[in-house]
1. For residue 163, work out the one condition from (1) open to solvent by 30 Å² or more (accessible area, probe 1.4 Å); (2) within 21 Å of residue 63 (Cα to Cα); (3) not basic (Lys, Arg) it doesn't fulfil.
2. From the set of residues in the stretch 108-121 that are in contact (Cβ under 8 Å) with a residue 12 or more places away in the chain and either within 19 Å of the chain's Cα centre (by Cα) or closer than 24 Å to residue 178 by Cβ (or both), which is surrounded by the most Cβ atoms within 10 Å (Cβ to Cβ)?
3. What are the residues in the stretch 178-188 that are surrounded by 22 or more Cβ atoms within 10 Å (Cβ to Cβ) and not small (Gly, Ala, Ser), if any?
4. Got a sec? Which of 83, 68 is open to solvent by 10 Å² or more (accessible area, probe 1.4 Å) and in contact (Cβ under 8 Å) with a residue 60 or more places away in the chain?
5. Filter the stretch 1-21 down to residues that are under 18 Å from residue 89 (Cβ atoms) and at pLDDT 60 or above, then give me how many there are.
6. How many residues are open to solvent by 30 Å² or more (accessible area, probe 1.4 Å) and in contact with an Asp or Glu (Cβ under 8 Å, 6 or more places away or on another chain) when one looks only at the stretch 23-63?
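The values are calculated or read from the model by the stated rules, or taken from the named source; none is laboratory data. Everything quoted here is computed from the prediction, not taken from an experiment. Neighbour counts run over all protein chains shown; Cβ positions are idealised from the backbone, glycine included. Note: areas computed on protein heavy atoms with side chains; ligands, DNA, RNA excluded. Shrake-Rupley method; radii C 1.70, N 1.55, O 1.52, S 1.80 Å.
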Amino acid sequence: MQAGTATGAATEWTQLANNAQLVDLMKSSGIQVDNQLTQISQLAEQIQNQLKIYENMLQNTAQLPDHVWGQIESDLNQLRSIVDQGQGIAFSMSNSDDVLQQRFQSYADLKTNLPDNATFSTTYQSWSNTNRDTIASSLKAASLTADQFDSEEDTMSSLRSMSETADGQMKALQVGHEIAAQQVAQMQKLRGLVSQQMTMLGTWLQTEQTDKDLAQARREKFFSATAPSTSGGEKMKVEW
């Protein structure tokens, strides 16, 4: 499962000169992103439940064996990937909002239900910042930093160090469980934002089409109108 569909489209949106292609890509990407976020949420929930099982196991043993810890490392690395994918989707959808506002004045003028007249671009950025801050807070409680969760290499290095003691293992499991729970909630919020954006896009497209249909109807009415009669009156006579 990759976030490539969304994040790859981010740069492609800026490169599309054809506005119709831009809108079509935006619509299709919205559907794919919704499906992707559903899958990510489900995976985060699975990891959350699995880590809880490992926590219970550790309470009944001195230390988890290497083969079990290897699975935990895999789960936590997947969790790190989930965070990255969510951030990538937020960036991509924010980018699409910026591009649409630049290309179409009617889109930029369309009001949303977002608080304080915010744009989707700024709201995605706010979501991203909040998500990062929440994760950083959870990591700090386990004496870890956000930097140690940014890359696979740093994450694995931190986990290997924590695996050396039962206390370290428990801290890793607890912070992982907490972050997984956060991501379940955060991905639902992100999915809600994407849904709102797609609704706004649909409203804008419907308005644009209605305006086009009205303009076309007026043109047809104008050109099909019967010309006023020029006969039936007294004939003009040339007088010398």
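1. Only one criterion is unmet by residue 163, namely (1).
2. Within the stretch 108-121, the subset in contact (Cβ under 8 Å) with a residue 12 or more places away in the chain is 110, 112-114, 119-121.
Checking which are either within 19 Å of the chain's Cα centre (by Cα) or closer than 24 Å to residue 178 by Cβ (or both) leaves us with 112-114, 119-121.
Numbers: 112: 15, 113: 7, 114: 15, 119: 16, 120: 22, 121: 18.
My answer is 120.
3. Residues of the stretch 178-188 that are surrounded by 22 or more Cβ atoms within 10 Å (Cβ to Cβ), as a first pass: 179-180, 183, 186-187.
179, 183, 186, 187, listed by residue number.
4. Numbers: 68 fails: in contact (Cβ under 8 Å) with a residue 60 or more places away in the chain.
Step by step, each of 83, 68 is checked, and only 83 is open to solvent by 10 Å² or more (accessible area, probe 1.4 Å) and in contact (Cβ under 8 Å) with a residue 60 or more places away in the chain.
5. Going residue by residue through the stretch 1-21, those that are under 18 Å from residue 89 (Cβ atoms) are 1-14.
This time we only want the ones that are at pLDDT 60 or above, so: 9-14.
Counting residues in the stretch 1-21 that are under 18 Å from residue 89 (Cβ atoms) and at pLDDT 60 or above gives 6.
6. At the first step, the residues of the stretch 23-63 found to be open to solvent by 30 Å² or more (accessible area, probe 1.4 Å) are 24-25, 27-28, 31-32, 34-35, 38-39, 42-43, 45-46, 48-50, 52-53, 56-57, 59-63.
Of the ones still in play, those that are also in contact with an Asp or Glu (Cβ under 8 Å, 6 or more places away or on another chain) are 25, 50.
Looking only at that region, the number is 2.
To keep it simple, each residue is scored yes or no on (1) out of contact with any Asp or Glu (no Cβ under 6 Å at 6 or more places or on another chain); (2) more than 25 Å from residue 37 (Cβ to Cβ).
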residue: 122; (1), (2): yes, no
residue: 129; (1), (2): yes, no
residue: 134; (1), (2): yes, no
residue: 145; (1), (2): yes, yes
residue: 154; (1), (2): yes, yes
residue: 159; (1), (2): no, yes
residue: 173; (1), (2): no, yes
